[in-house]
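Below is one structure, written out as structure tokens; the observations come after it.
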Amino acid sequence: VDPETGEVLFERGHLLTVVEAAQVGDRWTELEKAGVKDLPPIGVRTPLTCQLKDGICSACYGEDLSTPGEVATLGCPVGVIAAQSMGEPGTQLTMRTFHTGGAFEGKGSKGVFATRAGHVRLTNEDGQPIVAEGMSE
């Protein structure tokens, strides 16, 4: 319920999308900036706050990642889906290591030598300075 207008924003038990959650956050920020006092807390159910003794209920788990937009149903293998979601980036990282050759093989250098007087500034592609551990002397 919007504290200022009394409008019902979402019915109890509604599965918020990322866009809807951002809209609610933006509205609360807008009300705070307008000086509205004592804004009510927004209750959000999450796996970390689930009060089910064994496991996680579908309301607290939320969206089934295998069927976007739908709440997880009883018996849905949410643990397997979560493990696969976390495992894929790890697999990609491992594959990248094999493709790039893994550990560095070659001769290291203690510094960069300029052919002219002046300063040498090393930056990454974003223009941020590169500082190697132990090289800030």
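Within segment 55-67, is even one residue surrounded by 11 or more Cβ atoms within 10 Å (Cβ to Cβ), part of a loop (DSSP other than H, G, I, E, B) and β-branched (Val, Ile, Thr)? First the steps, then the outcome.
To start, the set of residues in segment 55-67 that are surrounded by 11 or more Cβ atoms within 10 Å (Cβ to Cβ) comprises 55-67.
Of the ones still in play, those that are also part of a loop (DSSP other than H, G, I, E, B) are 55-57, 62, 64-67.
From what's left, β-branched (Val, Ile, Thr): 56, 67.
Looking for residues that are surrounded by 11 or more Cβ atoms within 10 Å (Cβ to Cβ), part of a loop (DSSP other than H, G, I, E, B) and β-branched (Val, Ile, Thr), one finds at least one in segment 55-67, hence yes.
Given the criteria touching a residue at least 12 places away in the same chain (Cβ under 8 Å) and either in a loop (DSSP other than H, G, I, E, B) or among the basic types (Lys, Arg) (or both), does Leu48 qualify?
Numbers: touching a residue at least 12 places away in the same chain (Cβ under 8 Å): no; either in a loop (DSSP other than H, G, I, E, B) or among the basic types (Lys, Arg) (or both): yes.
Answer is no for this residue.
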* Structure fact -> Of the residues in segment 95-121, those that are at pLDDT 70 or above and within 27 Å of the chain's Cα centre (by Cα) come to Met95
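The values are calculated or read from the model by the stated rules, or taken from the named source; none is laboratory data. A quick note: this is a predicted structure, and the numbers were derived from the prediction, not measured. Counting neighbours? That spans all protein chains shown, and the Cβs are built from the backbone with ideal geometry, glycine included.
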